[in-house]
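The values are calculated or read from the model by the stated rules, or taken from the named source; none is laboratory data. No experiment lies behind these values; they were computed from the predicted model shown. Cβ sites come from the backbone with ideal geometry, for glycine too, and all protein chains shown count toward neighbours. The accessibility values were calculated without ligands, DNA or RNA, using every heavy atom of the protein model including side chains. Shrake-Rupley method; radii C 1.70, N 1.55, O 1.52, S 1.80 Å.
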Amino acid sequence: FSPGCFCSNKVKIALMTKLQSGSVVGVSEVNAAKMLLEEKGVSNIEIVPFDDAWDPEKTVKAYEEIKREGIKVIITSHTSSCAVAISDAVNRDRILMLVTGSATDVLSERDDYILRNIHDVRQEQKLIADYMKSRGFSSLLVVRDLENAAYTEPALRYFREAFNGAKITTIDIKISRFSTDEIKKIARSLKFDALYLLIGGHKSAAGSIAQLIRTIRPGVPVLYTPWMKTPAIIETAGATIYGSVFPSIYPERAVNSSVDSYFRRYRERYGEPPTFISLNVYSAIQILKTAIDAGHRDPDSIKKYIIGKGTIETDFGPVTFNRFGDTESPLYFITDIRQEFR
């Protein structure tokens, strides 16, 4: 969906995301792509959405559909478990995949056809652990979602390594069908000075767990992962949103005029706030556009250009790729969460 020229002259880019009815995530990403192409007058790119429902089995089917369409460049926003499900096929088929939502270390330090404009899980968890240590926490309760194990299993391992010396107790759950009674029973028997919800994939039920734990430990600080920064959490977390912290790839809107402008333009156009992962998708399109504008249209040429250039400017700041196509950047810790989605 882009204006201005015949589709045969455009590079088709698949946008693989959650598009089923009612998905705030997929709608936000598709809208962000439309907004970018129209605002910047892009005439050499066509974005083609594909629904993978952020489910590994459906991701494999969506990938096969993309191949049948002959598309050679993909932007994904799905979870780590989905990325792992197709990573070998992507490299075998020599299709370029720019990942905006999968932090798994399975993709790290590999010279392949998969690039990322986000931290990998090792960097991410070290930064989170450093923040929590700086706050003086020493006894933590971690509630970990096993339905996205490709992310949460290495995440806990790296977090433990970085948060050495602290007492960490873990409750493992499946976020789609957890038992509140079981969580309550375990949590009541523990002493902890902070709660870390090791849950990703915009699973807004994480907010309900925060409320549950606060009934047992009123006022306990709550820390989320970067992959829960979504408008839906405001509703499910209720009053626990106060005293909660979100790690963020982007600085808070109050100090980042580019992010704030994006939010305002999006809300004016679509009547609701975007998800933060849509910024990653917006950035990914800009990164690919830079290569395509320079005359690169096939996966090998685009990859060589991006890695050779190293740093590429986007509306939200520079993104720097190493020789493996991985990136490193700070994390920002947001405490006024409601303000982020105003």
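Computed values, structure above
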{"item": "Residue check, Tyr250 among the hydroxyl-bearing types (Ser, Thr, Tyr), farther than 29 Å from Lys126 by Cα and buried (at least 20 other Cβ atoms within 10 Å of the Cβ)", "result": "no"}
{"item": "Residue, most open to solvent (accessible area, probe 1.4 Å), within segment 152-185, restricted to residues that are at pLDDT 95 or above and aromatic (Phe, Trp, Tyr)", "result": "Tyr158"}
{"item": "Out of Asp336, Asp298, sole residue that is surrounded by fewer than 22 Cβ atoms within 10 Å (Cβ to Cβ) and within 29 Å of Ile95 (Cα to Cα)", "result": "Asp298"}
{"item": "Cβ-Cβ under 8 Å pairs, at least 6 apart or on other chains, segment 215-236 side acidic (Asp, Glu), far side part of a helix (DSSP H, G or I)", "result": "Glu235/Gly207"}
{"item": "Hits in segment 89-109 (condition: more than 19 Å from Pro154 (Cα to Cα), open to solvent by 10 Å² or more (accessible area, probe 1.4 Å) and in a helix (DSSP H, G or I))", "result": "Ala89, Asn91, Arg92, Asp93"}
{"item": "Residue ID - least open to solvent (accessible area, probe 1.4 Å), chosen from residues in segment 63-88 that are part of a helix (DSSP H, G or I) and farther than 24 Å from Asp120 by Cα", "result": "Ile66"}
{"item": "Positions within segment 110-129 being open to solvent by 20 Å² or more (accessible area, probe 1.4 Å) and either of a type in the set (Lys, Arg) or within 14 Å of Ala155 (Cα to Cα) (or both), in sequence order", "result": "Arg110, Arg122, Gln123, Lys126, Leu127"}
{"item": "Cross-chain or 6+ apart pairs with Cβ under 6 Å, segment 45-72 first and free of Cβ contacts under 8 Å to residues at least 40 places away in the same chain, then among the small types (Gly, Ala, Ser) and surrounded by fewer than 21 Cβ atoms within 10 Å (Cβ to Cβ)", "result": "Pro56/Ala85; Val60/Ala85"}
